[in-house]
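Some notes on the structure that comes next.
The values are calculated or read from the model by the stated rules, or taken from the named source; none is laboratory data. Since the structure is predicted, the reported quantities are computational estimates derived from the model, not experimental observations. Note: ideal-geometry Cβ built from the backbone for every residue, glycine included; neighbour counts use all protein chains shown. The protein model used for the area step is the full one, side chains on, heavy atoms only, and it has no ligands, DNA or RNA in it. Shrake-Rupley method; radii C 1.70, N 1.55, O 1.52, S 1.80 Å.
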Amino acid sequence: MSANVSILPNDGPATFPQYLILNASRFASRPAMRHRDFGIWHSWTWSEMYEEIRYFSIGLSKLGVKAGDRIAIVGQNKPRLYWSFCAAQALGAIPIPVYADSVAEEMVYVLNHAEVSLAICQDQEQVDKILSLSDELKKLKSIIYDESRGLQDYDPKNLHSFEQIQDLGREEILDTGDENWKKQIAKGKGDDLAVMLYTSGTTGRPKGVMLSFDNLAISARNANEFDHLDEKEEILAYLPLAWVGDHVFSYAQSYVAGYCVCCPESQPTAEECRREIAPSYFFAPPRVFENMLTAITVNMEDAGRFKRLMFKYFMDHAGEYGEKILNGEPVGFFNRLKYWLGEFFVYGPLKNRLGFTGIKVGYTAGEAIGPEIFRFYRSIGLNLKQLYGQTEASVYVSAQPDGQISAESVGTPCPDVEIEIADNGEVLYRSPGVFIGYYKDDKATNSTKTKDGWVHTGDAGFIDHDGHLRIIDRAKDVGKLNDGSLFAPKFIENKLKFFPNIKEAVAFGDGRDMCCVFLNIDLTSVGNWAERNNISYASYQELAGHPSVYKMMEEHVEQVNKELSSEEMMAGSQIHRFLVLHKELDPDDGELTRTQKVRRSFIADRYGELIEALYDGSTEKFVETEVVFEDGRKGKISATVEICDVTVFAHGDKEAAA
Amino acid sequence: MNMHYSSAGGAHRDNLAKGETLLQVDNISLSFGGVKAIQDVSFDIKKGEIRAIIGPNGAGKTSMLNVINGFYHPQEGTITFRGKERRRMRPHVAAQQGISRTFQNIALFKGMSVLDNIMTGRMTLQKRNMLWHALWHGPAQMEELEHRAAVEKIIDFLEIEAIRKTPSGRLPYGLQKRVELGRALAAEPALLLLDEPMAGMNLEEKEDMSRFILDVNHQFGTTIALIEHDMGVVMDLSDRVMVLDYGRKIGDGTPDDVRKNRDVIDAYLGVSHDD
């Protein structure tokens, strides 16, 4: 293998295929990837993975893939799909991961926009989806699939299995060797286009963000140094392939540091797999942490009295001292001892249950995390930190250094990143990770990226007295009520979403007289509560409209109003009225993005009638809503939604403060 | 990733080609005291088809299934399975011959994990006796590993990886039904009897189950006989349908034939007609 290393550029590897060659020699026998299949973990070392990728890549070239070709990668986190990235890049082709759960119409736009000539799919579902679009996909020449189940009877024309392509590669190596392939890799330069990632489209059509090898590799190297990550880490790859976070954590950083990436059997087993792997580096959006905490809370309520008491006792103790111990602040001997006991009885088993036993660093990003949720995990000794990033920055803009953690901030600028706050409060940054541009969209590129490399984030924020960046909201979402008081919808929604019973909230108020909200109940948590209180229900809709659920929501909203009233800036935007939506907000209906963010304008459009009802004083409203099922068919649900008034408090109110 | 599950009856290989008669039921009558559950019913099941048995409540559908797998012994008539005629047979013999079934009311071991439940489906395929299994090391262990591999393939096939180790009693109804199907499949049956596989399910669960039934038939070539009340499902899934009413056969044929059959319409709607 060492002969291969000699082909690398003198100043070290710049592209991921070059890193692969290096890793196959320096970490030859260390695990590079694991995959659980049929209930058993299979591993590949770096040298084995090198072979797999080499066969596949040469097979691809035999199939006619050339430098500059665009290859769509559709599916969940599977080793072969990760290998496809590197195999394509080795030939100078550009991989384009696509969200596996996007419906056909969404996919067609991306594949056509990117002019994809080859699609690598995980299974029959994805192959079917692409085949159903084949009339519209003019440039698409062939499809490669990973899992053959159900595909035996398909027309084999232009449809190949992963193994077939690898066999092609094997034959080619026997016939002519792999010298050309290696030469091609050696030619790779840092400023070549590495990958195109389509943004999830919070605003309008998805845009193709072009990232170079330098963007990704330098960002990855900096991040690895920042958190002291090396080849001994293990991470679980479970977030969408098409999301920049997964691409950087599970691909770029892994190739640069040489650490092992573990792929779960399927999405539903991810949690179980995490427990088995006990990753040392873990990333999850706040939602995942919220769901875990909700599950813990629900399970503890079902536990016996003794366990409940023990849990409460030690969690209270952890709440007081856990974070201090984690931050290395002085804590008395007795309290340390008690924390240690708690570790033995509660925190340790809990972390084991969650699969966090081996964790070195955990990150959350994407949206603000509820301070209580954040503190909960830190208090049980999990080094959970926040970072702020964007696809356009190859993720890293700012991150919290160890020991300087707060729930409100997103940390200091990452290595090599400069941050500036514009006059209108918008955050700007410049870094080695800054993208090349949007594919075929110079207008958007020019409005986002200035000539000297500064990027507009679109987020409003400020630098606090510790030098940490704080994000308030999307710059364009921060608005004003008619009486002039500040209205930051996300701030209010996040406060609501902290309640385990509330899954999603959408606040309205910009340019109106008062603030009103839509709520989505959390079916797990409220369902459990209903079970314990003998409330029977047949569907989400029925439970959501139940009077006692409304009463519970009213209490939650009032609690939020109390908190809002205690802050002068926010007291004006207390919630006057709310309703519980008759259906869950769903990415399939376009109400959430694929990363589960609320699409505000879309919701305002779709539920216009309900918003009017919130403001015209009516107490209920009949609505009919179209829903899209997973297979793309459409149906309708209708309901009479009740609207509820809530008490608001004056700023500095004694009763509210109590 | 590739399925190596042996197709066409798996462990119970036979020389029948697709479309040949796998099971022939001739003039079966079954009564319990004065109650005539089945009266003089004849029909056949062809290899590789999905055969539905439908009828109103109490028509004798489940009794028919019980007769086929040897749980009830008919007073009259013969059953020919793979060319061998039989009159009396114990259920375990039927299981050994390659007939497995699921039940109308779920009959899983509630305290056992999904994996163990499906493992019990391999019982009839175990070659080593109890002594070997008590010793465990050596041949019995090798055998168990083989069975475990087969079970894992079924788990993968039915997409129940996430509940592999969950006690089956804790699962929602729809999943328990799926586990039951898994256990029946574990025996690698030549003939799979499904007693109301979709009863009590919601639409999504029904769609899932229909998909799995079609996949089992398509991919493993397993012959399936099913009882089902949901007419939409029956008409979509099955190749041929037999209709029972008060223990008598009143219709038999393709879904389209049966749908047009006047007797069948009457039996289901209960209306009299003049013509």
Next on the checklist: Pairs please, first residue from the range A:290-312 and hydroxyl-bearing (Ser, Thr, Tyr), second anywhere and assigned to a helix (DSSP H, G or I), Cβ atoms under 8 Å, 6+ apart in sequence or on different chains.
Outcome noted: A:Thr294/A:Thr524; A:Thr294/A:Ser525; A:Thr297/A:Ser525
Item to check | Among the candidates A:His35, A:His42, residue that is open to solvent by 40 Å² or more (accessible area, probe 1.4 Å), within 14 Å of chain B (Cβ to nearest Cβ) and touching a Pro at 6+ places or on another chain (Cβ under 9 Å) | outcome: A:His42
Checklist outcome for this item: The condition from (1) under 30 Å from A:Leu174 (Cβ atoms); (2) surrounded by fewer than 22 Cβ atoms within 10 Å (Cβ to Cβ); (3) touching a strand residue (DSSP E or B) at 6+ places or on another chain (Cβ under 6 Å); (4) not hydrophobic (A, V, I, L, M, F, W, C) that A:Glu115 misses is numbered (1)
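Has the range B:196-219 got any residue that is closer than 17 Å to B:Ala59 by Cα, touching a residue at least 12 places away in the same chain (Cβ under 8 Å), assigned to a strand (DSSP E or B) and out of contact with any helix residue (DSSP H, G or I) (no Cβ under 7 Å at 6 or more places or on another chain)? Give the steps one after another, and end with the answer.
So the first thing to find is which residues in the range B:196-219 are closer than 17 Å to B:Ala59 by Cα, and the list is B:196, B:199.
Within this subset, residues satisfying the condition of being touching a residue at least 12 places away in the same chain (Cβ under 8 Å) are B:196, B:199.
The next check asks that each one be assigned to a strand (DSSP E or B); those that pass are none.
Taking every residue of the range B:196-219 in turn, none turns out to be closer than 17 Å to B:Ala59 by Cα, touching a residue at least 12 places away in the same chain (Cβ under 8 Å), assigned to a strand (DSSP E or B) and out of contact with any helix residue (DSSP H, G or I) (no Cβ under 7 Å at 6 or more places or on another chain).
Residue by residue, here is whether (1) open to solvent by 10 Å² or more (accessible area, probe 1.4 Å); (2) at pLDDT below 90; (3) outside the structural domain of A:Val641 (by TED's automatic domain parsing) holds:
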{"site": "A:Val506", "(1), (2), (3)": "no, no, no"}
{"site": "A:Tyr540", "(1), (2), (3)": "yes, yes, no"}
{"site": "A:Asp588", "(1), (2), (3)": "yes, yes, no"}
{"site": "A:Leu592", "(1), (2), (3)": "no, yes, no"}
Checklist entry - Out of all the residues in the range A:86-101, is one or more within 23 Å of A:Gly632 (Cβ to Cβ), touching a helix residue (DSSP H, G or I) at 6+ places or on another chain (Cβ under 8 Å) and open to solvent by 40 Å² or more (accessible area, probe 1.4 Å)? => result yes
Checklist entry - Is one or more of the residues making up the range A:386-396 within 18 Å of A:Val248 (Cβ to Cβ) and over 21 Å from the mean Cα position of the chain (by Cα)? => result no
Checklist entry - Does A:Glu584 satisfy the criteria of being in contact with a strand residue (DSSP E or B) (Cβ under 8 Å, 6 or more places away or on another chain), among the acidic types (Asp, Glu) and not assigned by TED's automatic domain parsing to the domain that holds A:Ala104? => result yes
Item to check | Members of the range B:235-264 found to be in a helix (DSSP H, G or I) and surrounded by fewer than 22 Cβ atoms within 10 Å (Cβ to Cβ), listed by number | outcome: B:Met235, B:Asp236, B:Pro255, B:Asp256, B:Asp257, B:Arg259, B:Lys260, B:Arg262, B:Asp263, B:Val264
Checklist entry - Out of (1) within 14 Å of another protein chain (Cβ to nearest Cβ); (2) under 30 Å from B:Thr62 (Cβ atoms); (3) out of contact with any helix residue (DSSP H, G or I) (no Cβ under 9 Å at 6 or more places or on another chain), the odd one out for B:Gln97 is which? => result (1)
Item to check | Any hit, the range A:483-493, residues being closer than 30 Å to A:Phe518 by Cα and of a type in the set (Lys, Arg) | outcome: yes
Checklist outcome for this item: Taking the range B:42-79 and keeping residues surrounded by fewer than 21 Cβ atoms within 10 Å (Cβ to Cβ), of a type in the set (A, V, I, L, M, F, W, C) and not in a strand (DSSP E or B) leaves B:Phe71
Checklist entry - When you go through A:Val397, A:Val410 one by one, which is the residue that is among the hydrophobic types (A, V, I, L, M, F, W, C) and either surrounded by fewer than 19 Cβ atoms within 10 Å (Cβ to Cβ) or part of a strand (DSSP E or B) (or both)? => result A:Val397
Checklist outcome for this item: Restricted to the range B:1-28 and to residues being surrounded by 16 or more Cβ atoms within 10 Å (Cβ to Cβ) and modelled with pLDDT of 85 or more, the residue farthest from the other protein chains (Cβ to nearest Cβ) is B:Ile28
Checklist entry - Got at least one residue in the range A:488-507 being farther than 21 Å from A:Gln386 by Cα, more than 21 Å from the chain's Cα centre (by Cα) and free of Cβ contacts under 8 Å to residues at least 40 places away in the same chain? => result no
Checklist entry - Within the range A:48-64, can one find any residue that is open to solvent by 20 Å² or more (accessible area, probe 1.4 Å), within 14 Å of chain B (Cβ to nearest Cβ), among the aromatic types (Phe, Trp, Tyr) and under 18 Å from A:Glu147 (Cα atoms)? => result no
Next on the checklist: Looking at the structure I just gave you, is A:Asp214 more than 14 Å from chain B (Cβ to nearest Cβ) and under 27 Å from the mean Cα position of the chain (by Cα)?
Outcome noted: yes
Checklist entry - Among the residues of the range A:268-311, which ones are surrounded by fewer than 19 Cβ atoms within 10 Å (Cβ to Cβ), among the hydrophobic types (A, V, I, L, M, F, W, C) and out of contact with any helix residue (DSSP H, G or I) (no Cβ under 9 Å at 6 or more places or on another chain)? => result A:Val288, A:Phe306, A:Leu309
Item to check | Members of the range A:143-165 found to be in a helix (DSSP H, G or I) and more than 13 Å from every other protein chain (Cβ to nearest Cβ), listed by number | outcome: A:Ile165
Next on the checklist: Among the residues that make up the range A:347-360, is at least one of them open to solvent by less than 40 Å² (accessible area, probe 1.4 Å), part of a helix (DSSP H, G or I) and either among the basic types (Lys, Arg) or more than 29 Å from B:Ile163 (Cβ to Cβ) (or both)?
Outcome noted: yes
Item to check | Single residue of the range A:603-614 satisfying the filter (surrounded by fewer than 16 Cβ atoms within 10 Å (Cβ to Cβ) and in contact (Cβ under 8 Å) with a residue 12 or more places away in the chain) that is nearest to A:Gly245 (Cα to Cα) | outcome: A:Ala604
Next on the checklist: Test of understanding: among A:Phe518, A:Phe491, which residue is at pLDDT below 90 and either more than 23 Å from A:Gly608 (Cα to Cα) or among the hydrophobic types (A, V, I, L, M, F, W, C) (or both)?
Outcome noted: A:Phe491
Next on the checklist: Whether any residue in the range A:456-469 is without any contact (Cβ under 8 Å) to a residue 24 or more places away in the chain and of a type outside the set (A, V, I, L, M) is what I want to check.
Outcome noted: yes
Checklist entry - Tell me, which helices (runs of 4 or more DSSP H) lie completely within the range B:108-184 with 1 or more residues that are in contact (Cβ under 8 Å) with a residue 12 or more places away in the chain and buried (at least 20 other Cβ atoms within 10 Å of the Cβ)? => result B:114-120, B:139-157
Item to check | Hits in the range B:215-235 (condition: at pLDDT below 90, away from every other protein chain (no Cβ under 14 Å) and in contact with a Ser or Thr (Cβ under 7 Å, 6 or more places away or on another chain)) | outcome: B:Val233
